[in-house]
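> Here you go, one structure.
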Amino acid sequence: MNFISEERLNQLLADELDVLFILNMDCDILSINKAVSSILGYREELLKGHNLVAVYPPEHKDKMSLTLPLLVKGDVLSCPYPLMSFEGKILPVDMKFYMGWWNGENVIAAVGVNLSSHHFSKDVFYSIFNCSDIMMVLGSIDGTYIYNANRAFRKCLGYSIEEISGKTIHELGLFLNRGRFDEILAKFYKAGKAKGEGVLRAKSGELVVCWFSLEKLIISGESYIFFVATDITERKQMETKLQYLVSQQKLLADVAQLLNEQRNFDEIVNKVLELIGRHTNVSRVYIGEYADDNLYCDMVYEWCNEGIESLIEVLQNVHFSAAPSWNTMLSKDGRILADTINKLPKDIADFVRKLGVKSLLVYPIYIDNHFWGFVGFDDYVRNKVWQEEEIHLMRTIVNNIANALDRKSYIEQYKNSEMRLRLALNAAKEGMWDWNLQTDEVFFTDACFTMLGYEPNEMSGKTYHWKDLVHPDDWPGAMKAFATHLRGNSAYYECVFRVKTKAGDWKWVLDHGKIVEKSSKNEALRAVGTHIDITKQKEAERELQELLSTKDKLFSIISHDLRGPVGSFMQIIELLTSGMQIEPEMQVSLLEELKNMSKNTFYLLENLLNWSRSQRSEIEYAPRAILINDLIAENLSLLSVTASQKEIEVRFNEDHYFNAFADYNMINLVIRNLLSNAVKFTPRGGTVDIYLAEEEHFVQVTVKDSGVGMSPDIVEKLFTKDHYHSTYGTNNEKGSGLGLMLCKDFISRNGGKIRVESEVGKGSSFIFTLPAADVGTV
């Protein structure tokens, strides 16, 4: 802030044209000059001791309240807002602030140059005109000729005063869209003033986005059209960047959703490549797969933009001996990136030049730590310069594609594993049988029965005995499969069925055989085969299906419930760190939103990790005697702030104490989830009640709320393992449905049961039981 002398302050106190306010360091008025009294109509005794905000119009008071602390720190040197007279009239001023010394103390001098047409001449106007940081132009009243443009305008657009003065706006080509200027000018002729957005073209050709204001100005009795332009290019760039971030988030969400769909994989990948191509506007997006120790490569997927010729049939069995740097760069640098192929190693440049490529970006794909192939983005039309955000986005999408290819390979291995296992066990000759089809006698080796827990020779190898052991639901299928082979419709007979063991449970057996002898009339005489115990394989298949289901659920939950908060984090943080001026109230609101999203995302991750560990049986079950009252009280304390914010009354009768025999950590999580849900889905002013009771050696806990309630359809699927219900609370709190699945799992593991009673609009009651602790264990 500039310094003003005490002598100059005393001179300004007598000034009758420009206004002066002498302020203390709190911006309270100490003294005023004659101009304040004569022009604005205030007496000194009326203003003395009042804050400077008092002389501003109501619509500007809040803005000035924010500006004054900044000017005290020296961050603000001037203010464009007009003053308001004692009678309520508006006075335009150019207010500047100075630091000074007056009557023995540090003061702030607010000096306002009177911009009213009644109080200044052309010379005074032009001095203000040229010193302003805002772009201004003075033109003929018909909007045709430019008389003068201030320094800010000339500096921004690169013109000298000689190049502008006397020229027309259209002659200089200042407006990118001439029609847009004519629209703004037409509004001015109709209303006497106009505002609007437009794009100016600088002398260099650079485009500047501006917000325009046109008003009629009278200077010393002469009428002019006064153009004021504010450069909003940076703001528009920020808006464009935010729009691009939104499109990035949408692309990521669409790709994740597609890659998680259970349909034709090739169609899904081709659609994903199309989405990427449309977003980046490159010429070609493709996926290559290596073979023969990465010496050869086949293009397996491809998308081409309009007018681009497909190369997928041409680029088959491509040998990379001519471009050894290709694999080297992918493995060492992690990518190949060039806005012009001249920047690439010569062998790669020569290779892609033959295809017509001008620029490219390529990322490697690794599956099971194996260099599987790559995803490429070629441009044949332009030398595309990849922005950093685009590069990171493509890296993320390539990782998603790699994960999808990994899952596809995993599933194919699973599908092929059964056949490979069959062939391996067939070679082992375990449990052989020999069937005489004429006499219907069957010989079974001892292994056929010992695998079922019988002693050798304990069972007779007769057909009727074997039929009695096969599961009745499986026997018709076995006979049908053998009949198909008997008719010659299959090369061999094969069937999988359940067989009862000596202990009374069931084992899975793979029955594999073939007709080995026929009569002269082509009638089957004899068949031989093997029995193989595949119970462990069946269990492995079931576990594998559960693992795949768990994996799919994890991917689904992550893509569905985490991408929204993460995307919001990015946008809010981008806004807070963009350098844009944000109102303090807006900053507080944004930070509060970040806090709430962080807390909800943390609870989701905590439930997600616990659920994942539970599915893999990694959580140790350690039961002991626990006081349920204490667990409830502890969790109510954690939720007290949230409940208070929603004005929810939480009622818990602690007159009686109940001890349960259960795992402390599991039940703590159950209670926390149920209480959190009760508060989450109860509207402002509602109630949450907790009841404890003991019934038949079990402690019963009831969490009842007066919330939104649930329909019977939702209640029916609430604890179903293959479903999870995600919804929002009454204050838009996010939930994933995982918490209730964890509650069901943990209650079951502790020997209890959980159920729900609910009615839409009236609330819900969650009731669970736990074994009561014996008195001796307390």
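The values are calculated or read from the model by the stated rules, or taken from the named source; none is laboratory data. For clarity, every value in this text was computed on a predicted model and none was experimentally measured. Neighbour counts are summed over all protein chains in view; Cβ atoms, including those assigned to glycine, are modelled from backbone coordinates with ideal geometry. Just so you know, the surface numbers come from the protein's heavy atoms only, side chains and all, with ligands and any DNA or RNA stripped out. Shrake-Rupley method; radii C 1.70, N 1.55, O 1.52, S 1.80 Å.
> About its Cα centre, how strong a charge dipole does the chain have in debye, to the nearest 20, once Lys and Arg get +1 and Asp and Glu get -1 at the Cβ?
Approximately 1440 debye in magnitude.
> Once the stretch 147-288 is represented by equal point scatterers at the alpha-carbon sites, with solvent omitted, what log10 I(q)/I(0) does the Debye formula produce at q = 0.09, 0.13 Å⁻¹?
-0.50, -0.72
> Counting only DSSP beta bridges with both residues in the chain, tell me the antiparallel percent, nearest 5.
About 95 percent, rounded to the nearest 5.
> Can you pull a Stokes-Einstein diffusion coefficient for the stretch 210-251 at 20 °C (1.002 mPa s), Rh from Kirkwood over Cα pairs, as a whole number of µm²/s?
For these conditions, the coefficient is 164 µm²/s.
> Return, ordered by residue number, the residues of the stretch 474-496 whose backbone nitrogen is under 17 Å from a label point located 7 Å along Cα→Cβ of L437.
Counting only backbone N, you get 478-495.
> Moving on. Work out the charge dipole of the stretch 658-714 with +1 on the Cβ of Lys and Arg and -1 on the Cβ of Asp and Glu about the Cα centre, then indicate which of Q700, A660, P683 is farthest towards its positive end.
The Cα lying farthest towards the positive end belongs to P683.
> How do W102, W433 stack up against each other in accessible area, from largest to smallest, with a 1.4 angstrom probe?
Accessible-area ranking of W102, W433, largest first: W102, W433.
> Further question on the same structure: Q587 versus Y664, label points 7 Å from Cα toward the beta carbon: distance in nm?
4.4
> Another question, then. Farthest toward the dipole's positive end in the chain, which of Q243, L13, A622, given Cβ charges of +1 (Lys, Arg) and -1 (Asp, Glu) about the Cα centre?
About the Cα centre, the residue reaching furthest to the positive side is Q243.
> In debye to the nearest 20, how big a dipole does the stretch 30-95 give about its Cα centre with +1 on each Lys and Arg Cβ and -1 on each Asp and Glu Cβ?
Here the stretch 30-95 has a charge dipole of around 100 debye.
> Looking at this model, which pairs from K96/K216; K332/K595; K241/K358; K502/K744 are more than 32 angstrom apart at the alpha-carbon?
From K96/K216; K332/K595; K241/K358; K502/K744, over 32 Å: K332/K595; K502/K744.
> Let me ask something else about it. So which lysines pass the test for K518, namely a Cα distance under 25 Å, with those fewer than 8 places away in the same chain ruled out?
K429, K462, K467, K480
> Run the quick spin-label model on R749 and Q237: label points 7 Å from Cα toward the beta carbon, then report their separation in nm to one decimal.
Taking the two extended label points, one gets 5.4 nm.
> Is the shape of the stretch 225-382 rounded, prolate or oblate, going by the alpha carbon gyration tensor and its root eigenvalues a ≥ b ≥ c, with a/c under 1.5 for rounded and a/b larger than b/c for prolate?
Here the stretch 225-382 falls in the prolate category.
> Keeping all protein chains in position, work out how much accessible area H170 exposes to a 1.4 Å probe, and write it in Å² to the nearest 10.
We get 70 Å² for H170.
> Please compute P(r) over all alpha-carbon pairs of the chain, binned at 10 Å starting from zero, and give each bin as a whole-number percent.
Per 10 Å bin, starting at 0, the Cα pair percentages come out as 2, 9, 12, 12, 14, 15, 14, 9, 5, 3, 3, 2, 1, 0.
> If you average the C-alpha positions of the stretch 642-709 and of the stretch 162-223 separately, how far apart do those two centres end up, in angstrom?
Here the answer is 68 Å between Cα centres.
> Turning to a different aspect of this structure: State to the nearest 20 debye the size of the charge dipole of the stretch 200-330 about its Cα centre, where the only charges are +1 on K and R beta carbons and -1 on D and E beta carbons.
820
> How far, in nm, would the chain grow between R180 and D28 when pulled straight, counting 0.36 nm per residue and subtracting the alpha carbon separation?
50.1 nm
> I'd like the carbon and sulfur percentage of the solvent accessible area for the chain, probe radius 1.4 Å, heavy atoms only, ligands and nucleic acids excluded.
52
> Output the DSSP H helices from the chain with an along-axis C-alpha extent of no less than 18 Å and a mean Kyte-Doolittle hydropathy no less than 0.0.
Taking the DSSP H segments of the chain (at least 18 Å long, mean hydropathy at least 0.0), we get 265-280, 563-576, 628-645, 664-680.
> With unit charges on the beta carbons (Lys and Arg positive, Asp and Glu negative) and the dipole taken about the Cα centre of the chain, which residue among I308, S519, S38 sits farthest to the positive side?
I308
> Among all the aspartates and glutamates, which ones have a C-alpha under 15 Å from K190's C-alpha, if same-chain residues fewer than 8 places away are not counted?
D142, D182, E215
> Where a ≥ b ≥ c are the square roots of the eigenvalues of the C-alpha gyration tensor, would you call the stretch 1-84 rounded, which needs a/c under 1.5, or, failing that, prolate if a/b is larger than b/c, or oblate?
In terms of gyration-tensor shape, oblate.
> Follow-up question, since we're still on this one. With labels modelled as points extended 7 Å from the Cα through the Cβ direction, what inter-label distance (nm, one decimal) is found for R542 paired with T450?
2.7
> Further, regarding this structure: Could you work out the longest stretch of the chain that avoids the GluC sites (Glu not before Pro) located in DSSP loops with at most 15 other Cβ atoms within 10 Å?
With GluC sites (Glu not before Pro) excluded where exposed in loops, the chain gives 314-457 as its longest stretch.
> Given a Förster radius of 30 Å and the C-beta distance between R624 and D473 as r, what FRET efficiency does 1/(1 + (r/R0)^6) yield to the nearest 0.05?
After rounding to 0.05, the efficiency reads 0.10.
> Using a/c under 1.5 as the rounded threshold, could you call the stretch 335-395 rounded, prolate or oblate? The axes a ≥ b ≥ c are square roots of the C-alpha gyration tensor eigenvalues, and prolate needs a/b larger than b/c, oblate otherwise.
Cα axes put the stretch 335-395 in the oblate bin.
> Using the reciprocal of the averaged 1/r over all distinct C-alpha pairs, how large is the Kirkwood radius of the stretch 619-697 in Å?
13.5
> Averaged per residue, what accessible surface does the chain expose to a 1.4 Å probe, in Å²?
53
> Determine, from the Cβ-Cβ distance of R684 and E654 and an R0 of 35 Å, the FRET efficiency 1/(1 + (r/R0)^6), rounded to the nearest 0.05.
Result of the calculation: an efficiency of 0.85.
> Next question. Provide the gained length on full extension for the span L172 to A322, in nm with one decimal, where the gain is 0.36 nm per separating residue minus the Cα-Cα distance.
Extending this stretch completely gives an extra 48.5 nm.
> To continue, here is another question. Could you tell me the calculated FRET efficiency between K346 and D298, based on Cβ-Cβ distance and R0 = 25 angstrom, to the nearest 0.05?
0.50
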